[in-house]
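I have placed the structure first, in the form of structure tokens, so that the comments after it can refer back to it.
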Amino acid sequence: MDLHKILLKLSIITIILSITACSTSVKYSSIIPRDEKGYPKANCLIINKTVYTIGDTSLTYFDQKKYEVNISRESLKNNTLTVVLPTMYAINTWIISDSNDYKAINTDIEECYIKGVVPEGPSSDLKIFKIEISDNCQSISFKWTNVNYMNEDFENIEEDSLLLINID
């Protein structure tokens, strides 16, 4: 077999693997509910690809000081949890608390535009947390707060809203 045929086959295999890998990645912007303007609905979040409502979704902000979501430990895969939260405003962000019971192993931002049109106004971004939890983890805390608090200790952050994910 000559070198050109081997290189051609390797190139085809590489292309197929690349396409397959890209198509299996989750786009949370396709899962999260949207309002009439195309923004992610306020007060909705995704935990391990399941959408949860944490308040009145007709509002364009988080209207309560504290939200709680309960999930079962059986829904976790390999003690990891992916939490996707709408940022709502460019001046606000979600911050996860520090704990010995869990660790944020990755945080990312996904742009949540519809039909290639960038909406004007509030942020349409989604903040994605991939979290590794211990067997004795019972709760994970997030604060939705002004970006000025990003480098503060979690306990000292003045939040607009607090989100607790309880693990049963």
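Before moving on, here are some points about what is shown:
- Only one entry of 143, 130 meets the criterion of being at pLDDT 90 or above, outside any loop (DSSP other than H, G, I, E, B), charged (D, E, K, R) and open to solvent by 40 Å² or more (accessible area, probe 1.4 Å), and that entry is 130.
- When residues of the stretch 97-124 are limited to those that are crowded, with 21+ Cβ neighbours inside 10 Å and of a type outside the set (Phe, Trp, Tyr), the one modelled with the lowest pLDDT: 112
- Within the stretch 146-165, tally of residues that are open to solvent by less than 40 Å² (accessible area, probe 1.4 Å) and part of a helix (DSSP H, G or I): 1
- Hey, residue 58 farther than 27 Å from residue 153 by Cβ, in a helix (DSSP H, G or I), at pLDDT below 90 and open to solvent by 50 Å² or more (accessible area, probe 1.4 Å) or not: no
- Hits in the stretch 63-95 (condition: open to solvent by less than 30 Å² (accessible area, probe 1.4 Å), of a type outside the set (Phe, Trp, Tyr) and within 15 Å of residue 164 (Cα to Cα)): 69, 71, 81, 82, 83, 84, 85, 95
- Cβ-Cβ contacts under 9 Å between residues 6 or more apart (or on different chains), taken from a first residue in the stretch 31-47 that is among the polar types (S, T, N, Q) to a second residue that is outside any loop (DSSP other than H, G, I, E, B), are listed as 43/53; 43/67; 43/86.
- Complete set of residues in the stretch 121-168 that are among the polar types (S, T, N, Q) and either in contact (Cβ under 8 Å) with a residue 24 or more places away in the chain or under 18 Å from residue 54 (Cβ atoms) (or both): 123, 124, 134, 136, 138, 139, 141, 145, 146, 161, 166
The values are calculated or read from the model by the stated rules, or taken from the named source; none is laboratory data. Fair warning: this is a prediction, and the values are worked out from it, not measured in the lab. Note that we place each Cβ from the backbone using ideal geometry, even for glycine, and neighbour counts take in every protein chain shown. Heads up: the accessible areas ignore ligands, DNA and RNA and are worked out on the full protein's heavy atoms, side chains in. Shrake-Rupley method; radii C 1.70, N 1.55, O 1.52, S 1.80 Å.
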